[in-house]
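**Student:** The structure under discussion is supplied below as structure tokens; questions concerning it will follow.
The values are calculated or read from the model by the stated rules, or taken from the named source; none is laboratory data. Just so it is clear, the structure is predicted and the values come from calculations on it, not from any experiment. Ideal geometry is used to build each Cβ from the backbone, glycine not excepted, and the neighbour counts take in all protein chains shown. In case anyone asks, the SASA skips ligands and DNA or RNA and just uses the protein heavy atoms, side chains included. Shrake-Rupley method; radii C 1.70, N 1.55, O 1.52, S 1.80 Å.
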Amino acid sequence: MSDNTNRTTESNTDRISRRAVLTTSAGALAAGLAGCTGDGNGGDGGSGSDGSDGGSGTTTGSTTDQQVEIEFWDYFGGTEDSEMKKLKNEFEERNPNITVNTQAVPFGDVPTKVVSAAASGNTPHVFTYWMSFSSYYEAKGILDPIDDYLSDGLNPYYDLVEPAATAGGNVVALPMDIHAMMLATNDTVLEEAGAPMQPTTHDEFVSAANAIQENTDKRPFFLQTANNSFAGFRVYYSLLRQQGGKMFEGEDGDLGQPVFHESDAGIAAAEFYDLVTGQRNWDNADDISDSNIRVNEFKNDQAGMGFIGNWTANNFQNEQNEFIDGLEFTYHQPWGFGGDTKSTFCESNGFFFPSNPDHTEAEKEARVKFVEYVTQNNPIWATKATHLPSTPEVATSDTVTSHPIYQKYEIVKTLQEMASNGQLTYQPRATIDLYAPEIGKSLSSIYAQNMEPQEALTQSANAISDRMS
């Protein structure tokens, strides 16, 4: 961490234990989260403690000495929005000198609106977006490093978030959660088919899909729920990682040129992508214009297995945050697709700190203090939306581990195991939008049987090179 002499932390009277936050948040649990917008699969998208009393380190500074107002742009909707408001209110109650003014911004409008605001000098103090876009925003010169304002750097968070939370060697974002692509099985369909109930190897996975295909009239397996650029990139990137491949010749900030289109691992990933809707005929991609189709089939015991985000489990819940009666399902680590590397795509709802010459030092301190509070003291995204809290302390807290989503359904538990084992991977630190239609939609065309694998890979790679040039 850089020099901290100007950093402000909390006084003894203002600082609260994470245990108290968890108690407050747990009592506020209500309807299930709708998930965050953007992937055509019900969306993506808390933290607290195991009961320790008190935090570490106490000093006073300008955020406790004067009245401060900060502007916060977020894209959360539905019950996510209401829970975020509760966290904001809790923070303001404990920090009466800080006011957080929230403005809702539609998810799809965030990139353009933030860049335009930066050009006109009207950026907010904080905005939300997918955290893996740190390098993209940093390349546009619109982010402030926050190293000097952090209470303890990135130490409270899972180690895996570091690549996505940093850019240019500095911390520029903080995660609310961690969510990832997983293998979901409808256990009623698997049992009917006489299929392996825990398909953890490639042979077991193929055996399960074939048994469903041969012994039932149900859909054996869907690898993708929507034919769009988000799904195309996330699915292919997961397959590529499991084959031990990478998208670019370099790593981290010095990516170099794309290589996935001409590597053995990249081609093997594309061939499996093509196989599911082609030779195997486990799925057909001509009827997934609506992302709810496959999810509804799964809910109605008409599909046996699917590669979906953990956040999709929210679609299996009623308004009381209870899973649908009669729906028997399990989320697994998705290591049955072939390849020897245990890795799958992950993402975080992130908080960014845009530059603005009019932001005062006190405001910069207050905004980081606010974001640290909501990201390190929030179990709600786990107990309501099945997301992994971004801090191990919260992920292993009684509030989270005693909840059915962790204990009975093991969704968050499985995510926690993958995070602890280094098996979750954010997208590369690219300075371009890897979800651009000409990139991800080309990959999705493989699944749709609209393009041969090699043709699609080359088109996607060329689109990346063109954007990087």
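**Student:** Please indicate, with yes or no, whether at least one residue in the range 401-414 is crowded, with 24+ Cβ neighbours inside 10 Å and over 23 Å from Glu322 (Cα atoms).
**Tutor:** no
**Student:** Across the range 269-295, what is the total count of residues that are within 24 Å of the chain's Cα centre (by Cα) and outside any helix (DSSP H, G or I)?
**Tutor:** 4
**Student:** Let me ask you something else. Of all residues in the range 366-391, count the ones that are assigned to a helix (DSSP H, G or I) and open to solvent by less than 10 Å² (accessible area, probe 1.4 Å).
**Tutor:** 13
**Student:** Quick one: how many residues across the range 311-329 are farther than 30 Å from Leu174 by Cα and in a strand (DSSP E or B)?
**Tutor:** The total comes to 2.
**Student:** Also, I was wondering about something else. Against the condition open to solvent by less than 20 Å² (accessible area, probe 1.4 Å), hydrophobic (A, V, I, L, M, F, W, C) and in contact with an Asp or Glu (Cβ under 8 Å, 6 or more places away or on another chain), how does Ala456 come out, does it pass?
**Tutor:** no
**Student:** Still on this structure, please answer the following. Only one of Ala313, Ala285 is surrounded by 21 or more Cβ atoms within 10 Å (Cβ to Cβ), at pLDDT below 95, more than 29 Å from Ala164 (Cβ to Cβ) and not hydroxyl-bearing (Ser, Thr, Tyr). Can you tell me which?
**Tutor:** Result of the check over Ala313, Ala285: Ala285.
Conditions tested, residue by residue: (1) over 30 Å from Met451 (Cβ atoms); (2) open to solvent by 30 Å² or more (accessible area, probe 1.4 Å); (3) touching a strand residue (DSSP E or B) at 6+ places or on another chain (Cβ under 9 Å).
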position	(1), (2), (3)
Asn170	yes, yes, yes
Val189	yes, no, yes
Pro199	no, no, yes
Val206	no, no, no
Pro220	no, no, yes
Leu223	no, no, yes
Asn227	no, yes, no
Phe230	no, yes, no
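**Student:** Let me ask something else. Can you name the residue in the range 65-91 that is open to solvent by 40 Å² or more (accessible area, probe 1.4 Å) and not in a strand (DSSP E or B) and, of all such residues, is modelled with the lowest pLDDT?
**Tutor:** Going through the qualifying residues, I end up with Asp65.
**Student:** Please state which of the following conditions Cys346 fails to meet, knowing it meets all the rest: (1) assigned to a helix (DSSP H, G or I); (2) open to solvent by less than 40 Å² (accessible area, probe 1.4 Å).
**Tutor:** Cys346 satisfies every listed condition except (1).
**Student:** Only one of (1) more than 17 Å from Met181 (Cα to Cα); (2) at pLDDT below 95 is not met by Ala268, so which one is it?
**Tutor:** Unmet condition: (2).
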